[in-house]
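Report on one structure; see the data block that follows.
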Amino acid sequence: PTGDSSMVLQAQEEIIEMKDVFSVKLKRRRFVGQKKGGTLLGITIFKCLKKEENKLTDCAIHLNNLSEDHCHLWFRHLKEILNGFKNRPKSLKVFVNPSSHKREATQVYYEQVAPLFKLADIKTDVTVTEYEGHALSVLKECELQAFDGVVCVGGDGSVSEVAHGLLLKAQIDAGKDTDYIPTPVRAPVPLGVIPAGTTNILAHTLYGIKHAVTATLHIVMGHIQPVDVCTFSTPRKLLRFGFSAMFGFGARTLALAEKHRWMPSNQRKDFAFIKTLADLKPEECELSFLPLQVPQEDPHENDRKKKEKTKKKGSKDQWHKIQGHFLNVSIMAIPCLCSMAPRGLAPNTRLNNGSMALIVVQNTSRTEFIKHLKRYASVKNQFNFPFVETYTVQEVKVQPRLKSGLDAKENTHLNTAASEGNYPWNIDGDLMEEASEVHVRVHPQLINLYGVNTDDLESSQATCNCI
């Protein structure tokens with residue numbers, strides 16, 4: 001520092017780790033309207049700064065030096081270091097859903113996300129989707145090797161479509177039969193999620209918060225998190241790649257909401273929730289599931305014997321069956337955090353532990369069911385009820401029992417397709433209707449997402465401590 005020599009000035013030293021820096025620029029003084037050139041003043045370093053509640057923000061640090069040679073030397077050297085971080089994207093394919101939530105996705109992208117991508121020298125190819133399935137059709141024809149990652153700006157439905165398209169494209173490129181994929185190949189590039197929807201379950205699970213700048217900085221910094229993915233199939237075809245699904249109450253609520261698209265988003269969802277709760281009826285079905293097999297490790301066995309033992313044990317895996325009347329069935333490969341469920345809809349599973357949570361709510365009174373639902377918003381155990389059963393599984397088969405004509409007519413106000421023998425499924429916030437058995441398999445770490453494991457976030461740890 002410079003100043004009056006009579007003043008005693010203390011120089012304060014600050015250490016900046018390059019892993020926290022995402023951009024460096026030459027700093028110049030320019031006149032109004034001048035876009036190029038100008039007097040060189042130094043360099044500016046842009047750093048990712050961690051704040052409270054899992055938020056990230058960007059901050060600028062200005063280093064002044066009037067020597068052009070000195071500034072260019074430091075600029076080139078710092079750029080070389082930044083280019084050495086291999087997970088940081090340099091080119092992204094971006095999908096923006098202008099219809100999500102309050103139609104704010106376009107504004108969120110161009111005002112909050114795009115400037116940070118530009119600052120980090122990331123090239124973008126943007127598609128503003130015009131209809132449902134638009135992103136899927138673009139991804140099927142997209143040359144993914146031209147990009148380091150794919151980004152979706154929208155709600156859970158948009159993210160689900162892009163994730164499905166990304167994985168489906170990977171199977172097509174690998175020459176796989178897309179009607180039957182027992183062992184799918186991994187997605188070739190990571191997926192970034194910018195929250196611009198209503199619940200934003202995947203964003204909350206990845207970042208611990210709904211915050212577009214935080215999500216963008218995780219992408220810019222190249223924070224990679226492997227995540228498990230499920231395949232949802234009938235005996236004849238693959239329905240979808242996804243992360244979670246609900247059958248019963250959660251699916252019927254979505255089906256009713258979809259029939260009232262003319263209503264505003266929040267009103268539509270509240271109406272569907274209350275109406276489905278008022279007409280609460282169980283689904284009769286048979287559930288078959290394969291429990292997660294955890295091999296007992298012998299420290300004296302070598303790795304080859306352990307693998308052989310695991311294979312032999314897997315060949316003797318026993319399927320379990322339960323049947324009856326169920327109000328709701330949830331199958332989730334990720335914890336599914338959101339503002340309404342701070343612990344998550346499936347708090348006992350993780351992003352990449354190779355298993356799914358199967359949560360079965362048997363038939364009970366409306367009062368008891370409401371008590372169970374209310375628990376999701378608190379830190380209490382939402383499964384501590386005699387009518388709720390939880391399992392850790394590898395595969396699940398759901399076989400609905402067709403209703404008689406009289407019973408089907410009673411349900412037509414919820415879902416017209418039910419009278420035709422079809423049953424609604426809520427897969428990552430998207431409605432699908434199927435009449436036959438649905439087979440769900442989990443595939444460990446099938447996709448990389450930009451983000452961090454919420455188990456490591458401070459808020460998640462605090463919640464766990466409260467429990």
In contact with a helix residue (DSSP H, G or I) (Cβ under 9 Å, 6 or more places away or on another chain), under 18 Å from T124 (Cβ atoms) and of a type in the set (A, V, I, L, M, F, W, C): which single residue out of I194, I181 fits that description?
I194
State whether the residues of segment 399-420 include one that is surrounded by fewer than 19 Cβ atoms within 10 Å (Cβ to Cβ), modelled with pLDDT of 50 or more and assigned to a strand (DSSP E or B).
yes
State all residues of segment 262-285 that are out of contact with any helix residue (DSSP H, G or I) (no Cβ under 7 Å at 6 or more places or on another chain) and at pLDDT below 90; if no residue qualifies, say none.
W262, P264, S265, N266, Q267, D270
L78 being in a helix (DSSP H, G or I), in contact (Cβ under 8 Å) with a residue 12 or more places away in the chain and touching a strand residue (DSSP E or B) at 6+ places or on another chain (Cβ under 8 Å)
yes
List every residue pair whose Cβ atoms sit under 9 Å apart, with the two residues 6 or more apart in sequence or on different chains, where the first one lies in segment 361-380 and is modelled with pLDDT of 90 or more and the second, anywhere, is in a strand (DSSP E or B) and basic (K, R).
none
Within segment 179-198, tally of residues that are under 23 Å from the mean Cα position of the chain (by Cα) and over 27 Å from S91 (Cα atoms)
4
Quick check: anything in segment 295-311 on the phi < 0 side of the Ramachandran plot and at pLDDT 85 or above?
no
Being surrounded by 21 or more Cβ atoms within 10 Å (Cβ to Cβ), in contact (Cβ under 8 Å) with a residue 40 or more places away in the chain and not charged (D, E, K, R) is the filter here; which residues of segment 334-351 pass it?
I334, P335, C336, L337, G344, L345, A346, T349, L351
Go through the residues of segment 170-177 one by one and say whether even a single one is buried (at least 16 other Cβ atoms within 10 Å of the Cβ) and in contact with a strand residue (DSSP E or B) (Cβ under 8 Å, 6 or more places away or on another chain).
no
Only one of L256, L217 is more than 17 Å from the chain's Cα centre (by Cα), more than 19 Å from C338 (Cβ to Cβ) and modelled with pLDDT of 90 or more, namely L256
Could you list, in sequence order, the residues of segment 182-222 that are assigned to a helix (DSSP H, G or I) and within 21 Å of P444 (Cα to Cα)?
I201, L202, A203, H204, T205, L206, Y207
Determine whether segment 88-107 contains at least one residue that is over 30 Å from Y131 (Cα atoms) and either of a type in the set (K, R) or open to solvent by less than 30 Å² (accessible area, probe 1.4 Å) (or both).
yes
So which residues in segment 160-192 are under 18 Å from F243 (Cβ atoms) and charged (D, E, K, R), if there are any at all?
E161, K169, R186
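The values are calculated or read from the model by the stated rules, or taken from the named source; none is laboratory data. These numbers were taken from a predicted model, which means no experiment stands behind them. FYI the Cβ positions are ideal-geometry reconstructions off the backbone, even for glycines, and counts take in every protein chain you see. Accessible surface areas use protein heavy atoms only, side chains included; no ligands, DNA or RNA. Shrake-Rupley method; radii C 1.70, N 1.55, O 1.52, S 1.80 Å.
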